[in-house]
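K.L.:
Before I ask anything, here is the structure I am working with.
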């Protein structure tokens, strides 16, 4: 019996975890592209581990979440990093 309910894990914990870590990486590095890459790597690692932990002989299929989570992280990274850019006042000549 798993320690965490699989429904809760797949719909709440994993999405918030991988997108959150990706967003954190983008903010720390101050580069937008880092976030989606970190999100993609974490989600692929999770899917590989989850698939092979239940049946080592199973054929690996990656889900559509490997596209949607990095796109979501990209959008959030753009919003956060563009909002953080200091605005330079115009010189009135």
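K.L.:
Taking the chain as the reference, fit the longest principal axis to its C-alpha atoms, fit the long axis of helix 34-54 to the helix C-alpha atoms, and give the angle between the two in degrees, 0 to 90, nearest 10.
P.N.:
On a 0 to 90 degree scale, this one is about 10.
K.L.:
Contour minus end-to-end for residue 46 and residue 30, with contour as 0.36 nm per residue of separation and end-to-end as the Cα-Cα distance?
P.N.:
3.2 nm
K.L.:
While we're on this one: Taking the Cβ of each residue in 30, 90 as the centre, tally the other Cβ atoms inside 10 Å and list the residues starting with the fewest.
P.N.:
Placing the least packed residue first, the sequence is 90, 30.
K.L.:
When a footprinting reagent is the concern and you count Cβ atoms within 10 Å, what order do 37, 67, 58 take, fewest first? Spell out each step's value before the answer.
P.N.:
Details: 37 16, 67 12, 58 9.
Ascending number of Cβ neighbours within 10 Å: 58, 67, 37.
K.L.:
Can you tell me how the chain classifies by the Cα gyration tensor, rounded, prolate or oblate, using a/c under 1.5 as the rounded cut?
P.N.:
Values: a/c = 3.95, a/b = 2.87, b/c = 1.38.
Prolate shape, in that a/c is at least 1.5 and a/b is the bigger ratio.
K.L.:
A follow-up question, please. What is the order of 54, 69, 24, fewest Cβ neighbours within 10 Å to most?
P.N.:
Exposure proxy ranking, most exposed first: 54, 24, 69.
Values in this text are rule-based calculations from the coordinates and carry no lab data. As the structure is a prediction and not an experimental result, all values here were calculated from the model. So basically every Cβ, Gly included, is an ideal-geometry build from the backbone, and we count neighbours across all protein chains shown.
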